[in-house]
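Presented below is the structure to which this report refers.
The values are calculated or read from the model by the stated rules, or taken from the named source; none is laboratory data. Quick caveat, the model's predicted, so the values are computed rather than measured. Here the Cβ is made from the backbone with ideal geometry for all residues, glycine too, and neighbour counts use every protein chain on show.
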Amino acid sequence: MRELVGVIGAGSWATALAVLLAKKGCRVKMWARRPELAEEINAAGENRHYLPGVAVHQNIEVTADLERTFWKAGVIFFSVPSHAFREVVRQSRPLLANDVIYVNTAKGIEETSLISMSDVFAQEAGTELLQKYAGLSGPSHAEEVGRDLPTAVVAASHQMETAEYVQELLMSESFRVYTNPDLLGVELGGALKNIIALGTGIAEGLSFGDNTKAALMTRGLAEITRLGVIMGANPLTFAGLAGVGDLIVTCTSRHSRNRRAGIAIGKGSSVSEALELVGMVVEGVRTTRAAHQLSARYAVEMPITAQIYKVLFEELSPGTAVNNLMSRGRTREMEEVARMTVKLLNNNCSY
């Protein structure tokens, strides 16, 4: 494969993707917002700040010139934090072309508009380019992808040919890619699981056990699915890699920024102290605020999200939040599953 690829961003995931693509024979130009970071990576042959220990392949050129990154590229990966995605796409607008594939890796919901990353892209780039847009999600820590540890992800797009192109571009012996037409569901799964990871981290910081974390993950998946279904996603998506798969890895991995931030909060740190301790973007904090507003807009019950919101933004103590969850009124588990199944059947979804 001799594809020329641009990667917008120079964080850990952008670097891991660039390395993956370069090893497959692609020529990669990776854009760093700060010229000094570009120079440092090129000189060291390593992204020492964001992905230490992973060699930056000789097929990768790091540049602070956005236009150079786009020049003659057949595929552009946007790999920036979700809160920066709109501005980066807007900045790139003069460089976008109809014959290029665009792949977004940001996992979040825009905090101000409460819309998905694909909707942000459509607003800034034009709806006609959505057929060339794919979202990449799933359980995929950069630290492991950069070291060729077996990983499986999902490429989602409204246009199956686009998803399949991304699948073929990225597939390797250590990186398996599935496709899914449910772009919204894949995006929501990737964003909302970060909230639950904050919760499981808080539980760990409080010295609670595996039972607690398993309950949070399971019931967290239920409320993620509730919101996703009412917004138009296929519930089956949340049973896949972009749903339960990403939820498991983000809630349990030592690489998870959201889990690490949650642990710090559970041990008594303030939110700002926890974010400073992690030292990189913790998407779950902004996503919690957005999801809390979406649950009110759609009248969807999301008790875990509601309690984490109060911990993050209303100074509720983590211990009180856990007590609030445990003392909720009695409910039934299977009736909820049945309702989701009926909705799936009524929508005649077959994925």
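Would you check which residues across region 21-60 are assigned to a helix (DSSP H, G or I) and basic (K, R) and list them?
Once the filter is applied, which keeps residues that are assigned to a helix (DSSP H, G or I) and basic (K, R), region 21-60 yields only K23.
Out of G209, G189, G199, I need the residue that is under 23 Å from E333 (Cβ atoms) and at pLDDT below 95. Which one?
G209
How many of the residues in region 23-41 are buried (at least 20 other Cβ atoms within 10 Å of the Cβ) and of a type outside the set (K, R)?
Number of matching residues: 6.
When you go through S140, S172 one by one, which is the residue that is assigned to a loop (DSSP other than H, G, I, E, B), under 19 Å from I8 (Cα atoms) and among the hydroxyl-bearing types (S, T, Y)?
Every option except S140 fails the conditions.
Check A152, A163 and return the single one that is under 24 Å from E3 (Cα atoms) and touching a residue at least 40 places away in the same chain (Cβ under 8 Å).
It is A152.
Hand me the list of helices (runs of 4 or more DSSP H) wholly inside region 251-316 holding 1 or more residues that are surrounded by fewer than 17 Cβ atoms within 10 Å (Cβ to Cβ).
In region 251-316, 271-278, 283-297, 303-313 are the helices (runs of 4 or more DSSP H) which contain 1 or more residues that are surrounded by fewer than 17 Cβ atoms within 10 Å (Cβ to Cβ).
Which one of these is among the aliphatic types (A, V, I, L, M), in a helix (DSSP H, G or I), on the phi < 0 side of the Ramachandran plot and in contact (Cβ under 8 Å) with a residue 12 or more places away in the chain: A73, A18?
A18
Here is a list: A155, A106, A163. Which entry is over 28 Å from H292 (Cα atoms) and crowded, with 24+ Cβ neighbours inside 10 Å?
Step by step, each of A155, A106, A163 is checked, and only A163 is over 28 Å from H292 (Cα atoms) and crowded, with 24+ Cβ neighbours inside 10 Å.
Regarding N194, is this residue within 15 Å of the chain's Cα centre (by Cα) and crowded, with 23+ Cβ neighbours inside 10 Å?
Yes.
Out of the residues in region 76-103 that are touching a residue at least 60 places away in the same chain (Cβ under 8 Å) and of a type in the set (V, I, T), state the one that is surrounded by the fewest Cβ atoms within 10 Å (Cβ to Cβ).
Looking at the filtered set, the residue picked out is V88.
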